[in-house]
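First comes the structure, then the notes that go with it.
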Ligand code: UDP
């Protein structure tokens, strides 16, 4: 676990920059240790509060990246200025580290055409990437996929199955092989394949990527509202209680 961890509604969030997070992972790889990396946001915390099994996975993750804008705001209420670390960028840098060091990597998730195109685009930028396994996210037999990953021995595993499927999948791998760095990357393959656009940089800088995505994909509206305001309300209450307990 990272030593700089703050707790929001009992969920740990690691206070680090993208490079510090990558350093943490690189050290783990060098020591032949595995890690479950979670890119936390308010919707995940809400899901974790409803689903105990997911909640435990999120709480036990080795590295929890401060991804969501709501997380940044929550930390701000605690007077912590934390830069947002988008999971998609973190995962892309992890791919570069694999390419530079010839670490074997595996990709699981998304539709077959998305996965194929994403890998094609990544390979254009890093031709010598050592991909030992790839599998789309619409398989019939999960055990076969898990076994194939264990046999092909990737050092890094990217899983794009959406939350909470990807977290449960990684947990299953971890229980059978504990020296893999595994990260749930949500819709990242869709972006790398060019099927989905990230928000313009200006929106990203303002922390409003979530709003842009919601406008582009209105089905996401249900996920953000009322989750985000409810989450912030609960954090305000928690912060007041923490202050009271201190005094
Ligand atoms: N997905 C999958 N198998 C499933 C469900 C989802 O491979 O059974 C993929 C889906 O094709 C998409 C990704 O998981 O590429 C999740 O995308 P989403 O945008 O919902 O994830 P988020 O980033 O919002 O968690």
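If the Kirkwood radius is taken over C-alpha pairs of the stretch 21-63, then at 10 °C and 1.306 mPa s the Stokes-Einstein diffusion coefficient equals 140 µm²/s. Comparing mean-square fluctuations of 135, 166, 125 from a GNM of the chain with C-alpha springs under 10 Å, the top value falls on 125. Each label was represented as a point 7 Å from its Cα along the Cα-to-Cβ direction; for residue 221 and residue 80 these points are 3.4 nm apart.
Its residue count N sets the reference 2.2 N^0.38 Å, and the alpha-carbon radius of gyration of the stretch 110-247 equals 1.33 times that reference.
Counting other Cβ atoms within 10 Å as a rough exposure proxy, the listed residues 237, 71, 131 run 237, 131, 71 from fewest neighbours to most.
Can you work out the FRET efficiency for the pair residue 139 and residue 246, with r the C-beta to C-beta distance and R0 = 45 Å, to the nearest 0.05? Kindly include the intermediate steps, with their values, before the conclusion.
Values: r = 50 Å, r/R0 = 1.11.
Efficiency computed from Cβ-Cβ geometry: 0.35.
The angle between the Cα long axis of helix 227-246 and the main principal axis of the chain comes to about 60°, on a 0 to 90 degree scale.
The mean of 1/r over all pairs of different alpha-carbon atoms in the stretch 127-185, once inverted, gives a Kirkwood hydrodynamic radius of 11.8 Å. Pairs of Cα atoms in the stretch 93-163 fall into 10 Å distance bins, from 0 up to the last occupied one, in shares of 21, 53, 25, 1 percent.
Can I get the semi-axes of the stretch 1-154's equivalent ellipsoid? Compute them from the C-alpha gyration tensor as square roots of 5 times the eigenvalues, in angstrom, largest first. Don't skip to the answer; put the middle values down first.
Details: eigenvalues 159, 72, 46 Å².
Working from the Cα gyration tensor, I get semi-axes of 28, 19, 15 Å.
Available extension along the chain between residue 205 and residue 18 is 65.8 nm, counting 0.36 nm per residue and deducting the alpha carbon span.
In Å³ and rounded to a whole number, note down the convex hull volume per residue for the Cα atoms of the stretch 31-90. Write down the numbers at each step before the final one.
Working: hull volume 6.3 nm³, N = 60.
For the stretch 31-90, the hull spanned by Cα atoms encloses 104 Å³ per residue.
Per-residue extension of 0.36 nm, minus the Cα-Cα distance of residue 32 and residue 7, leaves a gain of 6.2 nm for this segment. Size descriptor for the stretch 56-145, Kirkwood hydrodynamic radius: 15.6 Å (Cα pairs only, one decimal).
Which percentage, to the nearest 5, of the DSSP beta bridges contained in the chain is antiparallel? The antiparallel fraction comes to roughly 15 percent. Would you mind checking the tilt of helix 18-30 against the longest principal axis of the Cα atoms of the chain, expressed as 0 to 90 degrees and rounded to 10? Helix 18-30 and the main axis of the chain meet at about 50 degrees. Only helices enter the 222 nm calculation for the chain: every DSSP H run of n ≥ 4 contributes -39,500 (n - 2.57), and dividing by all residues gives -16000 deg cm²/dmol, rounded to 500.
All of the numbers you see were taken from the coordinates with simple rules; none came from a lab. Everything numeric here is computed off the predicted structure, so don't read it as measured data. When we count neighbours, we look across all protein chains shown, and the Cβ atoms used for this are built from the backbone with ideal geometry, even at glycine.
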